[in-house]
Every structure is written in C-alpha cells, then in structure tokens.
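Enquirer: I have a structure I would like to understand better, so I am pasting it below and will then ask my questions one at a time.
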Amino acid sequence: MAEKDAKATTPATAEAAQKAAATEAQSHDYKEYSVAEFFKKNRQMLGYSGKVRSLTTIVHEYVTNSLDAAEEGGILPDINVEIENLADGHVRVVVEDNGIGIPKQFVGNALGKLLSGTKFHHRKQKRGQQGIGASYATLFSQITTGKPTKVKTSLGDYKIYECDITIDVKTNEPAVKNEREYSGKYRGLKIDAEFSEVTYNRSEYGVYEYLRRTAIANPHVQITLIEPNKEIVVFPRASKEIPKKAKETLPHPLGISTSDLMDIAQLSKARKISSMLQADFTRVSADKVKDLGALCPGIDLERSPKNLTWPEAEAIVKAFGQVKWIAPDMDSLILIGEKQIEMSLKNILQPEQMKVVCRKPRVFRGGIPFAVEAAIAYGGKSGSWVSTDEHGNPVETKGELLRFANRVPMLFDAGTCATTIAAKDVDWARYNLKGWENLPVSIFINFVSVYVPYTGAGKLSISAEEEIVEEIRNALMECGRDIAKYLNALDRAKDQEHRRSIFFRYIGEVAECINDLTGTDKVLLITKLKKTAEEKTAILLASGEEEAEGLEEVGTVEDEDNGKAEE
Amino acid sequence: MAAKKEAAQAAPKQIREYDAETMQKIQTLAAALLQEIEKGENLHIDIPVRGASNVTFNEKTKKIELGDKFARRYLFNVAHARRFMQTLLVASYVKKDLLENNLTATLRDLYYAKKHTIPGTKEDTIDEQKESDLAIVDFEVALDTFRERLHLRAEPKGRIAGEMVVTDRVKDKVDTIDLSKMGSGGWAVPSIVEQVEFKDVDAEYVLVAEKNAIFDRLNEDAYWAKQKCLLMTTGGQAARGARRLLKRLSSELNLPIYCLTDADPYGWYIYSTMKYGSMALAHESDRLGSKDMKFLGMSISDIEHYDLRSVTIKAKDVDIKRAEEMKAYDWFKAPAWQREIDKFLDKKIKAEIQSLSSKNLQYISTTYLPEKIKSQDFLP
C-alpha cells in the first residue's frame, strides 16, 4: 500500500471508520464550506485539465483506491479497467478490483462526499488524493453528463451491495439512490461511471501509459485494460510479494498538502487547531505551534479544526515549509526493491539488458530522508513506441523517462522535475547512450520519501533540490556504466558479425585461386576455410580483443609505371 | 651470322629456366597456404614493406634498397582480406594464364581478366586497376622476383637509335634489328627487354634524354652518327623496359650513360630514378638502376653558364616543394647536387632543354652537348 504517499497518517485503525461516521454526525455543527462548489469551479487543481489528462486523473483516482483496498487486506490486487466510447460522445469508465470492498454504510461518503475523510481504511497509507479523488470523479461525472456513478461492492461476505451515487453540490452530501442488496460470491469494488470532456488515447499522457507505468512500479499488481476498440491489454503480475506496509507514524508537517490538512482537520479528535497540530503530527511541539501562529497571524489556531477553511489550510501548509523541523524517521522509507523492480521490468519491458540500482537513503533540506531507485532497460519492449508493424512489434522507438514518486507514475509536468533535470545532466555519451531519446531505452526513476517536494498541486513533478538531482544523477550513472558494458559488447559483436561476413565473402574467390595453384578440390577448400573463419570470429568474440589491423603500409611513392608520359 | 643464330637459341632456354624458377616460387607459396588451410590456421603471405619507412639508400652500391621489414597479410583480417584475395587472383593469373601458356600480358589485361563480381555479393574482386597493380607489386616482392618474370609488362615507352644491331624475339620468332636504320622514330624499347641480345655495337656512350622532342631534334641532326653514341629517350619518367635496357647497356657493354633532362626538380628526379632506383620499386633497384649514369644537364649552373636567364620559367610552388623533399633524400646528398638544389631554391627558376633553341636550333647538338661531354661537366 501506499507507503508511498506516506504523507497523511492518522492513528490507523478500524477506529478510523467509526471516526468517519462520527465526523459525519458532526458535520452539521459547522458552517458548510461548500468544498464541492469550490472544486467544481477549480477542477484543474485536481488534475482535470485537458481531455486526455482528465481521463487519466479519473483512472488514477480509482486505481489508487483499488491498490489501497487490496493492500489493506493483504490481497494481491487484480484491477480491471474498461474504457468505452459511447454513442453520445460520453466515455464510460469501469474500474473493478478484488480489494476488501467498502462497507455499505460508507459507500456514500467514500464516493459522494469531498474531503469527507471517510477513508475507512488506514488513512496513512493512501497513495493519491483520496480525500477528494474518487468523490471528485463522481462529481465530474455528474457535472459533465448529469449521470450518477454506479457502485457494486462486497466485503466478500456473500452480501453484494449496489447503488447509484451523486453529490449534492450545495451541501457536499452524497445522494445514494437505487440501492440493491443481494447474495452472491463477490469481493471488491466496481465503479461504473460516465464522463464527458474526456478522451482516450495511447499517448504518453493517457490511461494506457498510466496503467503501464503503474504496473512497472507495482510488480505485485495485475492490471487488465479494455480499450475503447475492445483491445484487451494485460499487464501481468510479476511478483507475488505484497509490499510491506509502512511503519505507522503520524505525518510529518513537511509531507502534507492542503487537502491532506483539510482531511486531517475533519478527522481530528482535537478541539483546537493548535492541539490538532501537536496531536496529529509528528515533530510538532508547542513551540513550533507558536512559530506557526506567528507565520499565520490571520488564523485563530484556538478554533475548532472542524471549520478550518481551505485558504487557511493552504496558509498553514505554506507556513509548515518555513519552519525548521526535526527530520522525519529514516525507516519510514519503503523502497520497491532491486529484485522487485527487476522482475517488473523483465515482465513489462522484456529488455535485452537492464540495470537496477537502489541507492542508500540520503537527506535533503538538511534532514528529510529520501531514497532513489533507478533502472535503465535497453532493447526488447523498452522505450515508447512511435510506430509498430502489423504484428504490433516496434518499428520506431523513442527513449522514455519513467518518473515515479513513491511508486505513483508522474505523467505530466516533466520539464521542471528533478528526474528530468538529472537525466539531462548525465553525459550519456560516456555510457554509449548518447541520444538515448531515440533509442529503445526506458529510464526508470522512483523517488521515495515521506515528503516528496512536489513543485505543484498536481503532484506530478519533483522539485529540483540540489541533493535530489545529484542523487538521481548518480543512480543513473551507476545504471549507465552497466548498460554501457552491454552496448559496447553489442557493438563489438556487430563488428564481429561484419568481420565474419567479410571473411566469408572472399572465401569462394580464395578457394578458386588456390584450386588454380594447387589443384586441390575447391569444395573441400571452401569447407575448411569456412570452418576456420567461424573459429576465428568466435575466438575474437569470446576474447573481445581487437585484432591488430592495418599493420601494413601501402607504399605508393610515385607512379613511374603508369605508362604515362610526363611531357 | 652463324654466331648470331647460336646466341638466339641460347636465350629461350634461359628464359624457360626463369619460368621454372618462378613457377617453383609460386608452388612453394601455394603449398604453404594449403598447409595453413589443413591446419585451420589463418592464411598469410609475408610481403616486404615498400615505402619510405623500409627504404634506405646504400652509399656503397649507390642504390635505393628495400629494408627487411615485412608485413604479414592475413586472409582472416578485416583490413587485409580483400587485398589478400586480390594477391591470390594475381598468383592464379600468372600461373595458369601466363606461365603455363607462355604468354605475356599487360597490367590492364590482368585487371580485366580477374575483375568480376563476387558471387552472391554486389562487390567486385577489383574496382580500379590501381588495386590490381598494387596486388601485382605485392606478389612480386612476396616472391622476391620481378614483374617480367611473371610475364607481366607495363606499357612500353622509350625509343632508341644508334650504331647497334640487336636481336629481339616474339615467342619463337627471332628478329634482327639495326638501330641505325630505324628512321625518324627510332626503335621502340619493348616493355620486357630480357630477351634482347646486343650484337654489333659501335658507340662510345649512351645519351638518354627525358624528352621525346630532344630525341627527335638530335636524331634529325644525326647526332648519334656524328658523336658515335646511342641516343635514347624515355618519354618522361622512364618505364621499366627503358631502365632495364639502360642498365644492361651500362653493365654488359660498359658504356657510359649521360642523362639529359629539364633543369627542374622533376627532371632531376627522373634521372635519379634511372640511376638509383625508386622507392616504390626499391626491390628492383638492382635490375633497373644504372649506378654509373652521369647527369649531363641541365643544371641551374648551366642556365648561368650558357646565359639562359632570359628564357627561364618561374618555379611553381610544387617545384619548390619537390626540391625541398629531394634535398633531404640520401641520394641527393652529394655536395654538387645540394648546391644545385640550393641554387634552384634560391633563384626559384627552371628551364627546359628546349630553351637552348633560343641560341639557335642546332645549338644543343653542335655546342652544348659536345662541350659538356668534352669537359666532362657532369653532376654525379
């Protein structure tokens, strides 16, 4: 589970669910901040900008929930995603998982209330923006098509629950309709929703690419994608090892986004914002709260966290960044691991050669731990395919940079990302990878930290801190050295192949001449010469030694015998 | 005439012996290759290196000599394979087409005979004649023999006239040729002169001119008859046949040879090639170099002495460059030559032999040559 996004963390428990319910009850106690309305107007903040990106965002929200739900139950996730282009121009998205399902009473809040904090699972381990994520998809469906989101779920207790959900935008309350309950064997969650203003394609920003990368970073997951043209793409499971869960710790202030803070505020048992900060975060002391208060003079920290507003939360998060904190724990870093990455790359990319490097944890900004996992895969299905032949094999490939933060693929905003900058910084010529952008190469980078310094609200680009760029660069160079060995050997082999072809080319002529000179049978000569040529090339290949060539001086000092008069 | 006939019959026997020897050398080479094939070894031919790095000037013998450096050429070496194949093409042609049929051919004949597309490829065995020419020289030096023994000839070049009777043969036909009765053109020197026999000779020296025009001038002036000499032209850089003939005239008839070229570095280099041999054919200096040849003219000193300043030509950059190179050659290290080259580099002028015609047309035959020869005013 998302030890990845270890940012938000509350005392995880079954309590959380109860708490959620409690929150629900209290929700009338404070003035509605109409978060639904806010985001209806500001959807680009949540990744809903552009038709392709919006669809990717929707799938991202559902899939991260599915991953969480599966991992929560210690289940190997099977996730099916179906995208269908409907006749009226709408796009139908169906995502189904085999996770632990959602208890009937939480379904409404989980999918029909923004910032409800109804994460009935452990909140700390979430990957995405669940506080808003899936619920916002419900809202997006509703505002673009006017249709409800259909849900089917079961905890695996032979009771299956289905309903249709919409959100009351004014009150940010779920409207659950058409509820059905029946018996059957099922476990997991199936969401079926229609959207408009979205487009499916296989571009590097699309759903296909998102799922492919998700599969690469999560070797324990099996993902099946049914594309609009009914093509079925399976990203098979590479490993049956379920990633270990992150140590349960409170979130560090540096690892918090505004929506996280809003979420925590809703769930907190504390009666004041000041006490919430101390109780629900690690490393926040009374002194630090004072510091924060000084930085946010307009906010009354003695108020109840329940009516914290979005702009206030934003200001506090900004202030978090200005206070000097004791760094978070090192052992909160959860890596995918070298072996797992290897299995995954082998599984998805089937490269001719790859190198995986998991670097030791380091710190940035004077104490925040992070670790870099990197890999370079060459050949096979590596790289992105610009074009394919009729059998679907790559004809033209481009190099690709696969960026991840805590296993979550980052498809957008590559330009400003520390990974991109580090990759540009490497002198690839030294590794025989000059112009890798046009080679069948996949460069994989997973940035692991409890606090990922994203450059924007979209969480799709890592801030180019000097220590981070340097570390990523070192990881890439370490991979590069290994790949270079392979590529050099490949070059040599090509040379040898070239040699062999030259040797063979002249054998016939040489045999003929020797037959002229000695009368020895030509066929016999050819057979023997070919055998020797094979051996010679084989030996050269094995030893990798360069043959001493061009010893010979060809002296043509003057042409006195060319028969041409000089007069 | 009976004596002549006897001599004529002796020659072919000798030539056949040479052929047998050449054949033997080829067989030895082929046997070595065959053995390598049997053992699964890389086929190779050792070829003495030609060119500046393996060429020395022997002060004592006055010859440009080939050193003992050789390069080993392999079949299974990307850089060598093609040339190796071409060398064997030469070997096969020489043995099967020439020696076995007692025929001679030109370098061009060989080029066309062995040029073909290699089956299953788009590559030709030989692209340009230059390639097969180089392969021929490789083969010559590898066998430690020379082109004529391989029955290969270059384009013939050079003419000769004078009081001498020779016999020449075309296969089994023997012709007697009186070089004093060859009209205005003289006798064309064949590309291979091994079979030429010198009979009656009435000459005191050989005058060899670089230029055809000078031969024609002196022939018209009956210079060779008046001066009792053999008159020859090489028509520019001397062909092997001409060089070999000069060498034989010098060594077999003990005739002094005087050389006449333009007063410029290229002319002088033609002289040095006839006298000492050349770097490209260093392996044949022995056969082709007439070490006792003398340089009669023209020199830069001649320009001064005969007051030809008004008819000189300004030296070009290439002339200067050539002169500078030659100044460094060991065989131009004689003080007299160094002085000449220095004068040239200093004055930067050159002159053609024909500039003597500025005096009058026959000045060369009536004044210049007799004076120079009489006073033995030569350069070494």
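Every number in this text was worked out from the coordinates using simple rules, so none of it is lab data. Only a predicted model underlies this, so the values are computations on that prediction, with no experimental measurement involved. We place every Cβ from the backbone using ideal geometry, glycine too, and count neighbours over all the protein chains shown.
Enquirer: Cut-off under 15 Å on the C-alpha distance; same-chain residues fewer than 8 positions from residue A:290 excluded. Which aspartates and glutamates are left, in chain and number order?
Expert: Straight-distance partners of residue A:290: A:300, A:302.
Enquirer: Please state the charge dipole magnitude for the protein assembly as shown, taken about the Cα centre, from unit charges on C-beta atoms (+1 on K and R, -1 on D and E), reported in debye and rounded to the nearest 20.
Expert: The dipole magnitude comes to about 1920 debye.
Enquirer: For the stretch A:458-540, report the convex hull volume of the alpha-carbon atoms normalised per residue, in Å³, without decimals.
Expert: 122 Å³
Enquirer: Go ahead and estimate [θ] at 222 nm for the protein assembly as shown from helices alone: -39,500 (n - 2.57) per DSSP H run with n ≥ 4, summed, over the residue count, rounded to 500.
Expert: -12000 deg cm²/dmol
Enquirer: At 1.002 mPa s and 20 °C, plugging the Kirkwood radius over alpha-carbon pairs of the stretch B:119-209 into Stokes-Einstein gives what diffusion coefficient in µm²/s?
Expert: 133 µm²/s
Enquirer: Work from the charge dipole of the protein assembly as shown (Cβ charges, +1 for Lys and Arg, -1 for Asp and Glu, about the Cα centre) and give the residue of B:334, B:176, A:55 farthest towards its positive end.
Expert: In the protein assembly as shown, that residue is A:55.
Enquirer: Using only alpha carbons, build the gyration tensor for the protein assembly as shown and give me the equivalent ellipsoid semi-axes, biggest first, whole Å.
Expert: Largest first, the protein assembly as shown gives 99, 31, 22 Å.
Enquirer: Need one number: convex hull volume per residue for the stretch A:213-294, Cα atoms only, in Å³.
Expert: 153 Å³
Enquirer: Expressed as a fraction of 2.2 N^0.38 Å, the rule-of-thumb size for a compact globular protein of N residues, what is the C-alpha radius of gyration of the stretch B:200-257?
Expert: The value comes to 1.08.
Enquirer: State, as an integer percentage, the relative contact order of the stretch A:488-543 based on alpha-carbon contacts under 8 Å between residues 6 or more apart.
Expert: Computed over the stretch A:488-543, the figure is 47 percent.
Enquirer: Looking only at other chains, what is the average number of their beta-carbon atoms within 10 angstrom of each beta-carbon in A:497-509?
Expert: Mean inter-chain Cβ contacts per residue within 10 Å come to 5.
Enquirer: I'd like the distance between the alpha-carbon centres of the stretch A:157-204 and the stretch A:83-113, rounded to an integer number of Å.
Expert: Result: 3 Å between the Cα centres.
Enquirer: Given the peptides B:294-306, A:326-338, arrange them by the average over their residues of other C-beta atoms within 10 Å, most packed first.
Expert: Averaged packing, sorted descending, gives the order B:294-306, A:326-338.
Enquirer: On the Cα set of the stretch B:159-374, report Rg and Dmax in Å, please.
Expert: Answer for the stretch B:159-374, Rg first and Dmax second: 17.3, 56 Å.
Enquirer: A further question on this structure: Return the Cα extents of chain B along principal axes one, two and three, sorted largest first, each rounded to a whole Å.
Expert: Projected onto the principal axes, the Cα atoms of chain B cover 72, 56, 40 Å.
Enquirer: Still on this structure, please answer the following. Given 20 °C and 1.002 mPa s, how large is the Stokes-Einstein diffusion coefficient of the stretch B:2-153 in µm²/s, with Rh as the Kirkwood radius over Cα pairs?
Expert: 125 µm²/s
Enquirer: Follow-up question, since we're still on this one. Pull up the cross-link candidates among the aspartates and glutamates for residue A:528, meaning alpha carbon to alpha carbon under 15 Å and not fewer than 8 places away within one chain.
Expert: A:509, A:512, B:36, B:38, B:41
Enquirer: Next question, about the same structure. Structure shown: which of A:244/A:346; A:230/A:434; B:226/B:275 lie over 32 Å apart, alpha-carbon to alpha-carbon?
Expert: A:230/A:434
Enquirer: Then there's this: In terms of the ratio Rg/(2.2 N^0.38 Å) built on C-alpha atoms, what value belongs to the stretch B:249-303?
Expert: The reported ratio for this selection is 1.18.
Enquirer: Applying a 10 Å radius around every beta-carbon, put A:301-309, B:222-230 in order of their mean neighbour count, most first.
Expert: B:222-230, A:301-309
Enquirer: On alpha carbon coordinates alone, what is the Rg over Rh value for the stretch A:330-480, Rh being the Kirkwood radius?
Expert: 0.97
Enquirer: Taking the Cα atoms of the stretch A:253-320, report the difference between the largest and smallest coordinate on each principal axis, in whole Å and largest first.
Expert: Its Cα atoms span 24, 23, 21 Å along the three principal axes.
Enquirer: Roughly how crowded by other chains is peptide B:120-126, in terms of the mean Cβ count from those chains within 10 Å of each of its Cβ atoms?
Expert: 2
Enquirer: Average partner chain C-beta neighbours within 10 Å, per residue of A:511-524?
Expert: Rounded to a whole number, the mean comes out at 5.
Enquirer: Turning to a different aspect of this structure: Express the relative contact order of the stretch A:395-437 as a whole percentage, based on alpha carbon pairs under 8 Å and six or more residues apart in sequence.
Expert: 36 percent
Enquirer: Applying a 10 Å radius around every beta-carbon, put A:77-83, B:124-130, A:170-176 in order of their mean neighbour count, most first.
Expert: Most protected by this proxy first, the peptides run A:77-83, A:170-176, B:124-130.
Enquirer: Could you name the aspartates and glutamates whose alpha carbon sits less than 17 Å from that of residue B:69, not counting residues in the same chain fewer than 8 places away?
Expert: Reachable aspartates and glutamates: A:549, A:552, A:553, B:46, B:138, B:140, B:144, B:284.
Enquirer: Between the stretch B:356-380 and the stretch A:243-315, what is the C-alpha centre distance in whole Å?
Expert: 117 Å
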